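The values are calculated or read from the model by the stated rules, or taken from the named source; none is laboratory data. Computed from a predicted structure; not experimentally measured. Cβ sites come from the backbone with ideal geometry, for glycine too, and all protein chains shown count toward neighbours. Quick note on the areas: whole protein, heavy atoms, side chains included, nothing else; ligands and nucleic acids left out. Shrake-Rupley method; radii C 1.70, N 1.55, O 1.52, S 1.80 Å.
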Amino acid sequence: MTNITRRTFITISAATVAASAIGFPRPGIGAGKRVVIVGGGIAGATAAKYLRLMDGGIDVTLIEPKKIYTTCFLSNEVLWDHRNIDSIQFNYDALGKHGVTVVHDVVTAIDPGSRRVTIKGGKRFNYDACVVSPGISFNWDAIENYTPEASQKLPHAYQAGPQTLLLRDQIKAMKDGGIFILVAPQNPFRCPPGPYERASQIAWYFKNHKPRSKIIILDPKPEFSKQALFTAAWERYFGYKTGNSMIEWIGEADAGEVTRVDVKRMEAIASSPYKGDVINVIPPQHAGKIALQSGLADDTGWCPVNHRTFESKIHKDIYVVGDAAIAAPMPKSGYSANSQAKVCAAAIIAKFSGEPEPVPSFVNTCYSLITPEHAISVAMVYNLGPKGVIQEVPGAGGLTPKDASDEMRKREVAYAYSWFRNITHDIFG
Amino acid sequence: MDGAKQELRNMSRDINNHPPGKRPYCAALLVLCAGFFITGHAAAELPGSAMLAYTCAGCHGANGSSVGPASPTIAGISVDYFIETMLAYKNATRPSTIMSRIAKGYSDEEIRLMAAFFAEQKIVRQPQDYDMKKAIRGRKLHKKYCNKCHEDGGALADDDAGILAGQWAPFLQFTFADFISGARPMPDSKKQQFDKLIKQQGADGVEQLIQFYASQH
Ligand SMILES: Cc1cc2nc3c(=O)[nH]c(=O)nc-3n(C[C@H](O)[C@H](O)[C@H](O)COP(=O)(O)OP(=O)(O)OC[C@H]3O[C@@H](n4cnc5c(N)ncnc54)[C@H](O)[C@@H]3O)c2cc1C
C-alpha cells in the first residue's frame with residue numbers, strides 16, 4: 001500500500017499544467033522525524049497508520065492505555081444482545097505491523113515547551129509533532145450526584161466497554177413493565193444521533209420482549225439530530241404521539257433538563273423527579289482530560305485548531321483530531337475523526353518536508369439503526385471555506401429522504417454494517 | 001463437485017492474474033494529481049487525488065477494496081465508469097441510498113481526480129459465501145448473456161462496464177433489482193440483452209449470476 005500512496009500520478013490537465021506540480025511525498029523525507037500520538041482511538045489509530053503509509057521514514061509512537069479498543073459505534077446493538085461485544089473489539093497488532101510503536105500506558109503530561117510527552121510509567125518521549133486524540137471526558141460537575149461512582153449504578157455507556165456491558169445487563173434484568181430513563185446531554189457532544197438511536201433500539205427490544213415497558217428521554221435540548229426521521233419511525237413502530245407510546249421525549253420546552261440524580265431512589269430529577277428501573281445518564285462532555293490539562297482547550301472545554309492542518313491554535317507542533325477538536329460544522333463522529341486524522345497526517349508530512357499545506361477534503365456519514373430492517377443516515381462532504389474554516393459543500397449531503405422506501409431503509413442497514421467493517425479495517429487492519 | 005470447484009477457482013485465478021494497467025485513459029481525463037499534494041499555486045486550489053479518495057475508505061474500504069458485506073469495491077474500475085457513475089449519482093439519474101448526497105459534494109474536476117486514483121488501485125477481493133450449484137449455472141448464463149460487455153467473468157474494467165467478479169452479492173442484488181424495476185435506466189445497447197436474460201431466465205437466473213460473481217475471488 002505504501003508504494004500506492006506514494007505513486008505520482010503523471011497525467012496532466014490543461015488547467016493545472018501551469019502549476020507545475022510534482023509528485024509527493026518523496027520516500028524517506030521524514031526520516032528521523034518523531035510523531036507521538038496521545039490516544040489510540042478512532043482518530044489516533046488512523047493518524048498513526050496513515051502517517052506510516054504516507055511516509056515509512058517517520059518514527060510513530062502511539063500511546064494508549066487499553067490493549068483492546070471497543071468501538072462506540074454499533075455498541076447500542078450490544079445493549080440488547082443483538083450483537084456480541086467481541087464483534088466491536090480490536091487490538092493494535094496490525095498497527096505494529098505498519099511500523100507503529102504502540103505503548104500501552106496513560107499520558108500524564110504534554111509539554112509544548114520541551115516538546116515532550118510523559119507517561120504514567122515515567123518514561124518520556126520527545127516529539128517533532130504530537131497528535132492529541134483523547135476523545136471526550138465527562139463533565140462530572142454538571143449533574144448533581146452524578147459521579148464516576150454513580151455511573152456504576154446509572155451507566156453512561158458512552159465510552160464503550162465495561163459500561164456497555166453494565167447497561168446491557170441492567171436492560172436484560174429489567175422486568176416487563178419497567179421504565180427506562182435516558183438522560184441526554186447538551187450540545188456539543190459525541191455522536192449527536194447516538195442517544196436517539198439507542199432509545200429506538202431499546203424500544204424495539206422492549207416491543208418484542210418486554211412490551212409493557214416504557215422509555216423516557218429527558219433532554220435539555222429543544223431539538224435533536226435526525227429528529228423528524230426518528231420520530232416518524234417512532235410513530236410507525238412505537239405508537240409515538242399516541243396515549244400509549246412506548247417512547248416519551250421530554251425536551252427543553254417541557255423542562256427536560258436533568259440537574260440532579262438520586263442513586264438510592266433511582267431518580268433523575270428535572271423540574272420534577274422521574275423514577276426509573278434503569279437509568280442511563282449521558283452527561284455533558286468536553287475534550288479528553290489530557291487535552292484540558294495540557295492547556296489545549298479554550299473556555300468551551302474543546303480544542304481550537306487550524307482547520308487546514310488540525311494544528312492547535314494554542315500550542316505549536318501539537319495537533320488535535322477527533323472528538324476533542326473544534327471542527328464544527330463536522331459532528332463529533334467516528335467518520336469525522338477518521339477523515340480529520342488523514343488530513344492531519346498529510347499536513348504533518350508536508351510540514352516535515354517543507355511543502356505547502358495540503359488542501360483538505362472531508363466526509364462524514366453517520367448511520368442510525370432503528371430496527372433490524374430500518375436505518376437512516378446523514379452524510380456530508382466538507383472542504384475549507386474562504387476564511388479557512390471547514391464548511392459544508394453547498395448542495396451536498398443531507399438526511400435519508402423522509403419518503404425513502406422500505407427497501408431503501410433496509411439497504412441502509414446493509415450499508416451501515418459495511419461502513420462498520422470497512423472503517424474499522426481502515427483503522428485497525 | 002470438486003472438479004467444478006477447481007474450475008471456478010481457475011477462472012478466478014485468471015481474473016486475479018489479469019495484467020493491471022491495461023485500461024485506456026480517455027483524453028478528457030488527463031488530470032494532474034500528485035497524491036495528497038498539489039504544489040505550486042494552482043489557480044483554484046484543489047485537494048490532491050489521494051486526499052479526496054481517502055475519504056471514501058470509510059465505506060468502500062482502504063484504497064477502494066471493500067471488505068463487505070454490501071458496499072461495493074471501487075478499486076480498479078475504469079476512469080470512464082467512475083466518472084459516469086459519480087455524475088449519475090450527482091444528477092440523481094441513478095438510484096442510491098447516500099451516494100447521491102455524497103456525489104453532490106464534488107466538482108467535476110474533483111471527480112476526475114478520484115477516478116484517476118481508483119483506476120490505479122489493485123482490487124483486493126475477499127472470499128464470500130456462495131452457492132456452488134448456482135454459481136456453476138451462473139457462469140453459463142454469464143457467458144451467454146453478459147460476457148460481451150463484462151469480459152472475463154466481469155473482471156475487466158472496460159470503458160463503460162462495472163467490475164462484477166468478486167463484487168459483494170448484496171450490492172449486486174440491489175443493482176439487479178434497480179435495473180429490473182426500471183429505477184436505474186440502462187443504455188439501449190445493453191437493455192436488449194438484459195431483457196432477454198430476465199425473460200428467459202427469470203429471478204432464478206439473476207440469482208445464479210450473482211452467485212457466480214460472488215464466487216470469483
Ligand atoms: C453509542 C455511540 C454510537 C456511536 N455511533 C457512531 C456511528 O454510528 N458513526 C460514527 O461515525 N460515530 C459514532 N459514534 C462516535 C464515535 O465513537 C466517536 O466520535 C469516535 O470514537 C471519536 O474518536 P476519538 O479518537 O476522538 O475518540 P475515542 O475513539 O474515544 O479514542 C480516544 C482514545 O484516547 C485514549 N486516551 C484518553 N486519554 C488518554 C491519555 N491521557 N493517554 C493515552 N490515551 C488516552 C482513550 O483510551 C481512547 O482509546 C458513536 C458514539 C457512541 C457513544
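See the values below:
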{"item": "Flag for A:Asp254 being out of contact with any helix residue (DSSP H, G or I) (no Cβ under 9 Å at 6 or more places or on another chain) and within 25 Å of A:Ile136 (Cα to Cα)", "result": "no"}
{"item": "Per-region count, segment A:309-328, residues closer than 16 Å to A:Arg190 by Cβ, more than 9 Å from the ligand (Cβ to nearest atom) and part of a loop (DSSP other than H, G, I, E, B)", "result": "2"}
{"item": "Any hit, segment A:101-115, residues being of a type outside the set (A, V, I, L, M), buried (at least 18 other Cβ atoms within 10 Å of the Cβ) and at pLDDT 95 or above", "result": "yes"}
{"item": "Members of segment A:405-423 that are without any contact (Cβ under 8 Å) to a residue 24 or more places away in the chain and more than 8 Å from every other protein chain (Cβ to nearest Cβ)", "result": "A:Ser405"}
{"item": "Qualifying strands (runs of 3 or more DSSP E) (wholly inside segment A:42-125; at least 3 residues being farther than 20 Å from A:Gly429 by Cα and assigned by TED's automatic domain parsing to the domain that holds A:Gln293)", "result": "A:107-111, A:116-119"}
{"item": "Criterion: at pLDDT 95 or above, more than 7 Å from chain A (Cβ to nearest Cβ) and outside any helix (DSSP H, G or I) - qualifying residue of B:Arg112, B:Arg94", "result": "B:Arg94"}
{"item": "Filter result for A:Leu182 (away from chain B (no Cβ under 14 Å), more than 16 Å from the ligand (Cβ to nearest atom) and surrounded by 23 or more Cβ atoms within 10 Å (Cβ to Cβ))", "result": "no"}
{"item": "Failed item, numbered, when A:Val60 is tested on (1) more than 10 Å from the ligand (Cβ to nearest atom); (2) buried (at least 21 other Cβ atoms within 10 Å of the Cβ); (3) within 14 Å of another protein chain (Cβ to nearest Cβ)", "result": "(3)"}
{"item": "From A:Lys332, A:Lys313, residue being more than 8 Å from chain B (Cβ to nearest Cβ), closer than 20 Å to A:Val131 by Cβ, out of contact with any strand residue (DSSP E or B) (no Cβ under 6 Å at 6 or more places or on another chain) and open to solvent by 10 Å² or more (accessible area, probe 1.4 Å)", "result": "A:Lys332"}
{"item": "A:Ser271 vs. criteria at pLDDT below 95 and either in contact with a strand residue (DSSP E or B) (Cβ under 9 Å, 6 or more places away or on another chain) or over 28 Å from A:Gly398 (Cβ atoms) (or both)", "result": "yes"}
{"item": "Every residue from segment A:339-359 that is within 24 Å of A:Ile290 (Cα to Cα) and either touching a Gly at 6+ places or on another chain (Cβ under 6 Å) or surrounded by fewer than 24 Cβ atoms within 10 Å (Cβ to Cβ) (or both)", "result": "A:Ala347"}
